[in-house]
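Note sheet for the following structure.
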Amino acid sequence: MAASDLNSNPRQLRLLDVVRLRGSASVEELSKALGVTLQTVRRDVQRLADAGLLARFHGGVRVPTSTTENIAHQQRETLNASGKAAIARAVAAAVPNDCSLMINIGTTTEAVARELRGHKGLRVITNNLNVASILCANPDCEVIVAGGMVRHRDHAIVGEAAVDFVRQFKVDIALIGVSGIEADGTLRDFDYREVKVAQTIIEHSREVWLLADSSKFHRPAMVRLATLDQIDRIFTEAPPPDPFPVLLAEAGVRCEIAEPAALR
């Protein structure tokens, strides 16, 4: 399944959301939740399983990941790409020219980088080689890449050398992607080495903007990255589910909802 196939099928995105919230679901439960026939659910499940986005078991499906391992970078690019694109446009519109940024790992941060290619006077520090490659196309953007070990599966730079590098700077805005936000307001990810770099980015930024599409709410992961009270703004593409509106309000986080283009 190509990214464009999934992006153009909101029913399949909704199916993924239902499974992700429940952890697993039977074909009958999905049929009732989505208001479609069993045959339609089975067809969608097969396509999503073929794409590696769901794991099948007898009578139903489950989330293919655990709290210890993220799904592959290419699959994450496909998952809710239209929502990530909407977030990227909103973030880029909010980022002023002539400012300094730190950008961490993630397919949403990479989408933001693509939207920043028309900005002027940016100075960007990143531990994401994909972000660096994208922004190098902008002659009005200075890109500074952290040193350290390159993780082959997604071109992330992680480890103590990257942490030490980031500590040299203090920037205007951090653009942070995460793997999951749990119901207690904890931001989580999978690789402790990646998390240490992200924590340092947060500590060395004057404002912290969290980029989280709707798939990240209620998604578990193993390593604690931060809490909502360390965030200034969150950008997402749909109203967050309960209990997050209350948690965001209590933490003083400004929530920016960027609707995908098809929903405008």
(request) Can you tell me the alpha carbon radius of gyration of the stretch 124-216 divided by the globular rule-of-thumb value 2.2 N^0.38 Å? (result) 1.08
(message) Please give the charge dipole size of the chain, origin at the Cα centre, charges +1 on K and R Cβ atoms and -1 on D and E Cβ atoms. Round to the nearest 20 debye.
(response) 600 debye
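At 0.36 nm per residue, minus the direct Cα-Cα distance, what do I144 and Q39 gain on full extension? Give it in nm, one decimal, please. Please report the intermediate quantities before stating the final value.
Details: separation 105, 0.36 × 105 = 37.80 nm, distance 5.13 nm.
Using 0.36 nm per residue and subtracting the Cα-Cα distance, I get 32.7 nm.
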(request) Calculate the spin-label point distance for H152 paired with N9, positioning each point 7 Å from the Cα along the beta-carbon direction, and give it in nanometres. (result) 3.2 nm
(request) Note the listed values (1) 17.2, 48; (2) 18.3, 57; (3) 23.3, 90, then indicate which one is Rg and Dmax of the Cα atoms in Å calculated from this particular structure. (result) (2)
(message) Given a Förster distance of 25 Å, report the FRET efficiency between A93 and L21 from their Cβ-Cβ distance, rounded to the nearest 0.05.
(response) 0.25
(request) Just rank C136, C141, fewest to most, by other beta-carbon atoms within 10 angstrom. (result) C136, C141
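Under a Cβ-Cβ cut-off of 12 Å, what is the net charge of the residues other than L38 that fall near it, where Lys and Arg count +1 and Asp and Glu count -1? Display every interim value, and only then the final one.
Values: positive: K32, R42, R43; negative: E28, E29, D44.
Within the 12 Å Cβ shell, the charges total 0.
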(request) Could you calculate the contour length gain from C255 to Y192, that is, 0.36 nm times the residue separation minus the distance between their Cα atoms, to one decimal place in nm? (result) 20.0 nm
(request) Mind pulling the angle between the C-alpha long axis of helix 38-50 and the longest principal axis of the chain? Nearest 10 degrees, somewhere in 0 to 90. (result) 40 degrees
(request) At q = 0.10, 0.23, 0.25, 0.26 Å⁻¹, what is the base-10 log of I(q)/I(0) for the stretch 172-264 according to the Debye formula with one equal point scatterer per Cα and no solvent? Please give it to two decimals. (result) -0.23, -1.20, -1.38, -1.45
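Values quoted throughout were computed directly from the atomic coordinates according to the rules given, and no laboratory measurement underlies them. Since this is a predicted model, take the numbers as computed values, not measurements. For neighbour counting, all protein chains shown are included, and Cβ atoms are generated from backbone atoms with ideal geometry for every residue, glycine included.
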